[in-house]
Amino acid sequence: MVLKIFLFPFIAINAVKKSDSASWKIEHQCPQCGAPVTLEETDHLLACGYCRVRLWLYTRGLFSYCFVPRSPPMEKIWFIPYWRFKGLAFSCNQEQVRHRFVDTTLCGVNFPPLPRSLGFRPQALSLKPAGSFAGSLIDGAFARPSVIPSAIRDRFLPKGHPRPSASQNRRESHQAFIGEALSLVHTPVYEKNGKVWDALLNRPLDHSSSLQVKELLFPERTPPPLTFLPVLCPQCGWDLEGSSRSVAMVCRNCQSAWCLSQGNMKWIPFGVPSQWNGDQELLPFWQLKFQFAGIELNTLEDLHRLANTSTSRQNSTLLFWIPAFKLPPRLFLQAARRATLSSFMEFRKEDLPPVTIHSATLALEEAAQCVKILLASLAVPRRRFMERMDSFSAKLEEATLSFVPFSPKAHEFVQPHLPLSVPRRALYWKRFI
Ligand SMILES: [Zn+2]
Ligand SMILES: [Zn+2]
């Protein structure tokens, strides 16, 4: 069997060079006092250094950002959308599960003079939220994206939208994308002297001809505004505990956990271990229950049968344990595999223990994406499993944020029962490496 290199379906995957991985800066404004607050694109929480307010950021659909020209031209500005995707793409074939980092942009309209990607521009210039900027534009419009990458179409557009055609490799590969950042980034252009000009550099685009200028007319779109939600427990008003990159937070006052969902804070069940030591720290995992169709996977025994291993636990409900934080991809799958196969620990709903709880930084929707890849990574023999990959489906039924105790060591956190060690730095890094 010839190994194939599977490409991300909409963007050629570039191995991430060091220079590509610099984080993007977004210039926000504190909605309470107006002070400038600069965040990274993976931050979900705005903490104002002046008035001390802490707000969770939310927007309908994808986050939209734009570059703002320092000296706006007299002509009408078009803000051209680029899809921004940064994250991890897993793919598997009959031999192995592979992963790639994706850190890229792709032009969202079909207009040949425009560069296909934004290149290094976002690292050199800061961005502003497009929704709050749109209203202040004197003469400018945001172009609606017309080129929609298949992975985005699959995951983020309503059902019934035309699906991309099956790829040639479909029978042999399955892909999953775990996004750290997915947004639309707009760059301004305008028309002058029969050419299309870059409004940031104030010079014509390469290869811009007068014929193409006539095409510089797009369906418009108003980017959705940002919504700011106070980081306070909706149940008791207490400060929620979490970091700037948290996707879920806990309230120690009324013992509840919350995540952002469609502009509201949504209560989510959490589980803590029945047994823990005072010197341990808790790492968050998403404990997920799926309903499978087309494959018999209801109990832990079914999973062990798939993995050609055995378990003494009979008739246990099959729960998947996916780290709710970013780890190097190999370790991420290993952690999920070991925790899921062992299901070693009794969890129950009780008070949060008085120990350090690490932030959940990987959203539930992203974690749920990798269930098929996780199954492929543990199936023995994989070839037979892969032949069935397209014939079964998994529907998420229940999700619990569960905190697994790890013992802190000098450079790592260790969970001896799995066994698993997590590099300390992985919990503070902002990406999957
Ligand atoms: Zn403020
Ligand atoms: Zn509370």
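The values are calculated or read from the model by the stated rules, or taken from the named source; none is laboratory data. In this text the structure is predicted, and so the values were computed from the model without any measurement. As a convention, Cβ positions derive from the backbone with ideal geometry for all residues, glycine included, and neighbour counts pool all protein chains shown. Please note that ligands, DNA and RNA were not included when accessible areas were found on the heavy atoms of the full protein model with its side chains. Shrake-Rupley method; radii C 1.70, N 1.55, O 1.52, S 1.80 Å.
Brief remarks on what is shown
- Distant-in-sequence amide H partners of residue 326 (H built 1.01 Å from N, under 5 Å): 361
- Residue-wise HN-Hα couplings along segment 415-425, as the Karplus relation 6.51 cos²θ - 1.76 cosθ + 1.60 with θ = phi - 60° gives them from phi, are 10, x, 6, 6, x, 7, 10, 10, x, 3, 5 Hz; Gly and Pro carry x.
- Residues of type aspartates and glutamates that residue 25 reaches as a straight line, Cα spacing below 12 Å, ignoring anything fewer than 8 places off in the same chain: 40, 41, 43
- Ranking 321, 332, 355 by how far each Cα lies toward the positive end of the dipole of segment 303-433 (charges on Cβ) leaves 332 at the top.
- Using heavy atoms of the protein chains and a probe of 1.4 Å, the accessible area assigned to residue 187 is about 10 Å².
- In the complete set of protein chains, residue-level accessible area for residue 301 is approximately 50 Å², probe 1.4 angstrom.
- Cα centroid separation, segment 326-355 to segment 370-405 (Å): 16
- Interchain or long-range residues, amide H under 5 Å from residue 144's placed H: 220, 221
- Other residues whose C-beta falls under 11 angstrom from the C-beta of residue 226 contribute a net charge of +2, scoring Lys and Arg +1 and Asp and Glu -1.
- Evaluating 6.51 cos²θ - 1.76 cosθ + 1.60 at θ = phi - 60° for every residue in segment 359-374, the Karplus couplings come out as 5, 7, 10, 10, 5, 3, 4, 6, 4, 5, 4, 9, 4, 5, 5, 4 Hz, glycine and proline recorded as x.
- Amide proton proximity set for residue 174, modelled H, under 5 Å, gap of 5+: 92
- Number of Lys-Lys pairs in segment 232-427 with C-alpha atoms under 21 Å apart and a separation of 8 or more places or on different chains: 10.
- Efficiency of FRET from Cβ geometry, residue 203 and residue 410, R₀ 60 Å, rounded to 0.05: 0.65
- In percent, rounded to a whole number, the relative contact order of segment 232-427 is 30, using alpha-carbon pairs under 8 Å and six or more apart.
- Over segment 81-120, relative contact order from alpha-carbon pairs under 8 Å, at least 6 apart, %: 40
- If R0 equals 22 Å, the separation of the Cβ atoms of residue 398 and residue 330 corresponds to a calculated FRET efficiency of about 0.20.
- Whole-percent carbon and sulfur share, accessible surface of segment 315-376, 1.4 Å: 46
- In sequence order, segment 319-330 has phi-based couplings of 10, 9, 10, 10, x, 9, 9, 8, 10, x, x, 5 Hz under the Karplus curve 6.51 cos²θ - 1.76 cosθ + 1.60, θ = phi - 60°, and Gly or Pro positions carry x.
- Averaged per residue, segment 232-427 has 44 square angstrom of accessible surface, using a 1.4 angstrom probe with ligands and nucleic acids left out.
- FRET E, pair residue 383, residue 304, Förster distance 25 Å, beta-carbon r, rounded to 0.05: 0.85
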